[in-house]
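The values are calculated or read from the model by the stated rules, or taken from the named source; none is laboratory data. None of the values given here were measured: they were computed from a predicted structure. Please note: Cβ atoms are built from the backbone with ideal geometry, for glycine as well, and neighbour counts cover all protein chains shown. Ligands, DNA and RNA are excluded from the accessible area calculation, which covers all protein heavy atoms including side chains. Shrake-Rupley method; radii C 1.70, N 1.55, O 1.52, S 1.80 Å.
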Amino acid sequence: MNNPGELITGLALIAIFASSLFYVLLNFKQESRGARTAARVSFAGFTVFVTLASMLLMHYILNHDYRYSYVARYSSTDLPLQYLISAFWAGQEGSFLLWVLLGSWLGILLMFKARDLEPQVMLVFNLNNIFLTILLIKQSPFEQLVFAPPDGQGLNMLLQDPWMVIHPPVVFVGYAAFAIPFAYAVAGLWRRQYDTWVRRALPWAVFAFVTLGAGIIIGGYWSYKVLGWGGYWGWDPVENASLLPWLAGTALIHGMILQETKKKLRKTNFVLAAFSFILVIYCTFLTRSGVLADFSVHSFVDLGITGWLVLFMLVFTVVTLWVLVVRARGVPVSGKGEPWSYFSREFGMVTAMILLSLSTVIIGLGTSAPLITRMMEKASKVSTEFYVNTNLPIAVAVLFLLSFVPLLTWGRNSVSRLLPKLTWGVGGAIVAVAVTLIHGYPGIEVLLVSMFGGAAVGMNLLLMARLMRKKVTLSAGAMVHFGVGLMFLGIVASSAYDRSEKVLLPQGQVRSAMGYDIKFKGPEFSPEGKGLRARLPLDVTQGDAQFTAWPDIFSEQGRGGQPKRFSHPEIRRGFVSDLYISPVDFDPGRKKTGPANQIRLKKGETARIHDYELTFTGFDVSGMMGREGSHDMRVGADIAVSYKGSEPVVLKPVITVGQLHGPTSRVKLPGPEDATLTLVNIEADTKTVGVVYDGPGASAKEETEETPASVIAEVSIKPGMTVLWLGTFLILLGGSIGIVRRWPK
Amino acid sequence: MKKSYIIGAIVVVSAMVMALYSFRSTLTSYVSVSEAKVSSRPVQVAGMLVAGSNRYDLKKNALVFTLREDGGDEMMVEYNGPKPANFDDVEKVVSVGKYNQNKRVFEASELLVKCPTKYEGRVKGGA
C-alpha cells in the first residue's frame, strides 16, 4: 500500500460521519440502544484512526522518511530528538492533525460525561471534527514527493527551543476545548434544558481558558526569552488571533457563573459560547488563509483551504442563529421587572463581561483591518498604537471593578458596609501609585492602571488568603484576579519604565552602559547542526557584583547564499527588574596579514601558489573540547597539498578559536622548500578558510590592520517582568483550581 | 427602556466611536517609494533588501539599509529598534514609518521581514 496515512485519514472521516449520523438518529429516537452504541463505537473508531495517523506521521519523522513532503520540509537527519518530535506540529498540515487528535481525545471524555445531553453535544462536537478532518484531507501531512531527497530542510532555528516545542500543543488543546461549551450550549438550548448545560460545561470552559491562556503566555515568554527584541507581545495578527477567543471565553465564564447563581443571561451565554468557538475558527481563517500575509511577521501561505474555513464559519454561525431563533422565545427569563441593584456583584460581573466583549471586538477589528480596508480602499493595517490606545481605558475600568466587585455580595450592598473591607485595596493603590510616581509620572491613563492595579492586587490578595483558609477551591477566582492585577502592574512597569542603551564592546576593553561595566572577552565558536554558534561572553560588573553573560548569535547558511543570523539575549532576572542584554551585531574582526599571500579557500576549492596546489577539503572538529567556559575550542582545516603535481598530502593546521594566533595553526608544506601555511581565519557559515602562505614566491603585500572582534549590545533594564510572569502564573494556577472547583460531583 | 440599558448603550457606543477614531488615525497602508517620499502620514513600503546594504550605524544608533521596490525605486531606511530575527536572509522587507524629507531617509518604526514563500519552517507552528 502506497500511502497508509492518507488511507487512515480517509477512514477517520468515514467514522466521524457515521458517528454523526447515528447521533442524529439518536436525537429522534432517544431510547435506541443500538444507535447509541453504534455512535459511540464509530467515534471511538474515529479516535483510533486519528491516533494511528498521528503515530504514523511521528514514525515517519523519527525515521527520517523523506518520501513525505512534510517530513522533508520540517525536519532533518541531524535534528535532536525533542525537535524531531516538535516537527510534527511545525507546519500547517501537522498542526491540523494535532488539533484533530487532541479534539478526538477530548471527545472521548465528553462522550462519557455528557450523559443525557450526549446525542446533541456529540453531534455538534462531531460537526467540528468533520470539518477539521476534511481540512486535514485537503492539506494532508502525508503528501508524497516524486523522489525522496537525501536530507530534510530542517526545522527553523526559531522553533528549536523547548518553549516552542510545547507552545502549539497547549494552544491546540485550548482551541479544541472551546468547541465543548459551544456543543453543550447548542445541546442545552435544543433540548430545552436551559441551565443544566451550564453546570456541565463550566469546568470545560475554565479548562479552555487555562489551556489557551497557558499557550498564549508561553508564546509571550518565548518571545521575551529567545527572540532578543526585549518584548513579549507585539499585537501581531497571530498573537491577537489566540487572544480573541480567550477574552470571549473569559466573558463566557463570568456569564455562566452568573447564570448558575442567579439564573440570568441565558441567551447571552449561548451567544457568548458560540462567539468564542466561532472566533477560534475565524482566527484560524485569518492566520492560515494568507489574507494577512503582507501584514505580519509570521509567514503565511494560502494553502487553498480558505474556502473551507469560510464555509466552516458560516455553517456554525447559521446553526447558532437558527437554534437561537427557534428556541429564543421559550427561554425563561427570571426576575423580569425586578430592578437590578447597581451596587451588586451581578451588575459588576455584567459590566466586566461588557468590557471584555468590547475589548474582543476592538482587537478583532484591528486584527481584521487589512481585510476590511481591502474591500474599501487600500489594504492597510493598524499600528500597535491602536491596540494600546483603545485597551488602556478598558484595562483601567476592568481593574477598577476588580478592586471592589469581588467583595460584593449577590443582591444589594451598602457602601458603608463595604468601606471597611477596602483597606487592603486602598493600601495597595497607595503603594502602587507611590512606587510609580517615584520613577516618573507616566501619564494619567497609565497611572490609573497602576493605581487600580495596586488596589486589585491588595484586595484580591486578602480575599484569596481568607478563602484559602476556608477551602482551597473557593479561592480560585480570587487567585486569578490577584494574578490579573499583578500582571497589569508588571505590564505598566515594563512598558513605561523600560530603559536601554546600545554600546559598542571591542574585545578586551571595558565599556559602561546602564550603570554596568562590561567587557567582551572574545567569541567562542561551536558548530551546531548546519551552522555555527558564536557565544559572546561578557564580563559584567556593578560595584561588588560580577557575573558573565552569555548572549549568542547563531548563524547558518541561508537559502539565498546569505548567512542567516539568530541572536539570543542574556536575561538576569531580579525580583524588581530584569537585566536584558541583547547582541545587536557582532564583528569577528580581521586578522593581520603579513607580507605574504593570504588566500581564501572555499570548501572544495583549489588554489595555486608557487609550486603548490592547495585544496581545502573540510573542517576537522574532532579536536573540539566542549567544556563550559573553556577557551579550548579548536577547529582544524584539512588542506590537501600537492607539490609540483605529486601525490597530495593532507595537512591539518588547527586554530584555537577566540585567540588570534596559535602554535598549531602553522604547518610546513611538503617538499624541499622552506614554506609554510598558516591558518588564520575560519568562516563556518560560508565554509571558507583563510590561509597565509610564507615561502619562496611569496609577494610582499600590504599589511592590513588587525581589528579586534567586537559586539554591539543593547543593554536594557526592564522593571516588573518577574511580577508580570508571577501574575500570569497565578492566573493559570487559579484557573486550574477553578476547574477542580466546578467539576460536577 | 431601562436606565441601565441606556447607560450601557452609551458606554458601548462611545467606546466604539473612540475605537473607530483610533482605527482610522492609525491605519497605515501600502504605498510605493515615491508616494512614501511625499506622504505626511505613516505608511508601509514593501520591497527587497539590497544585498550587502545593511549595516549597524553606531553613530545613528540604528540599523541602516537600502530598500528597493519592484519598479526599481530605492530609498534608505533607518530603523531604531532591535534587528528582526531573520533579517539577513530576507527576500522581502516591509518598512512601516515615515519619510524624513530633511534627512532623506525613511524612519521606520516597525520592520516586517518575510522569508521566501516556501518557508522551511514557519515562525509559529501554525497557530
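Of the residues making up region A:117-158, those that are assigned to a loop (DSSP other than H, G, I, E, B) and of a type in the set (Val, Ile, Thr) number 1. Which residue is farthest from A:Leu110 (Cα to Cα), if the candidates are limited to region A:168-209 and must be open to solvent by less than 20 Å² (accessible area, probe 1.4 Å) and β-branched (Val, Ile, Thr)? Step by step, filter region A:168-209, then rank; the result is A:Val171.
Taken as a whole, the structure leaves A:Arg33 outside the set of residues that are closer than 21 Å to A:Pro181 by Cβ, basic (Lys, Arg) and either in contact with an Asp or Glu (Cβ under 9 Å, 6 or more places away or on another chain) or open to solvent by 40 Å² or more (accessible area, probe 1.4 Å) (or both). The set of residues in region A:501-518 being buried (at least 17 other Cβ atoms within 10 Å of the Cβ) and in a loop (DSSP other than H, G, I, E, B) consists of A:Met514 alone. Scanning region A:349-365 for residues that are open to solvent by less than 40 Å² (accessible area, probe 1.4 Å) and more than 7 Å from chain B (Cβ to nearest Cβ) gives A:Met349, A:Val350, A:Ala352, A:Met353, A:Leu355, A:Leu356, A:Ser357, A:Ser359, A:Thr360, A:Ile363, A:Gly364.
Scanning region A:534-554 for residues that are open to solvent by 30 Å² or more (accessible area, probe 1.4 Å) and in a strand (DSSP E or B) yields A:Arg535, A:Thr541, A:Gln542, A:Ala545, A:Gln546, A:Phe547, A:Thr548. Residues that are touching a Pro at 6+ places or on another chain (Cβ under 8 Å) and either surrounded by fewer than 20 Cβ atoms within 10 Å (Cβ to Cβ) or within 29 Å of A:Phe147 (Cβ to Cβ) (or both) within region A:37-85 comprise A:Leu56, A:Leu57, A:Tyr66, A:Tyr68, A:Tyr70, A:Ala72, A:Gln82, listed in sequence order. Here A:Trp163 fits the description: open to solvent by 10 Å² or more (accessible area, probe 1.4 Å), closer than 30 Å to A:Gly720 by Cβ and in contact with a helix residue (DSSP H, G or I) (Cβ under 7 Å, 6 or more places away or on another chain). If you check A:Ser475 against the conditions, is it in contact with a Leu (Cβ under 7 Å, 6 or more places away or on another chain), hydroxyl-bearing (Ser, Thr, Tyr) and either surrounded by fewer than 19 Cβ atoms within 10 Å (Cβ to Cβ) or over 21 Å from A:Thr423 (Cβ atoms) (or both)? Against the criterion (in contact with a Leu (Cβ under 7 Å, 6 or more places away or on another chain), hydroxyl-bearing (Ser, Thr, Tyr) and either surrounded by fewer than 19 Cβ atoms within 10 Å (Cβ to Cβ) or over 21 Å from A:Thr423 (Cβ atoms) (or both)), A:Ser475 does not qualify. Scanning region B:58-80 for residues that are within 10 Å of chain A (Cβ to nearest Cβ) and out of contact with any Gly (no Cβ under 9 Å at 6 or more places or on another chain) turns up B:Leu58, B:Asn61, B:Asn80.
The residue of region A:386-428 that is farthest from A:Leu463 (Cα to Cα), among those that are away from chain B (no Cβ under 14 Å), among the aromatic types (Phe, Trp, Tyr) and touching a residue at least 40 places away in the same chain (Cβ under 8 Å), is A:Trp410.
Exactly one residue out of A:Leu212, A:Leu202, A:Leu247 is in a helix (DSSP H, G or I), over 30 Å from A:Arg573 (Cα atoms) and either modelled with pLDDT of 90 or more or of a type in the set (A, V, I, L, M, F, W, C) (or both): that is A:Leu202.
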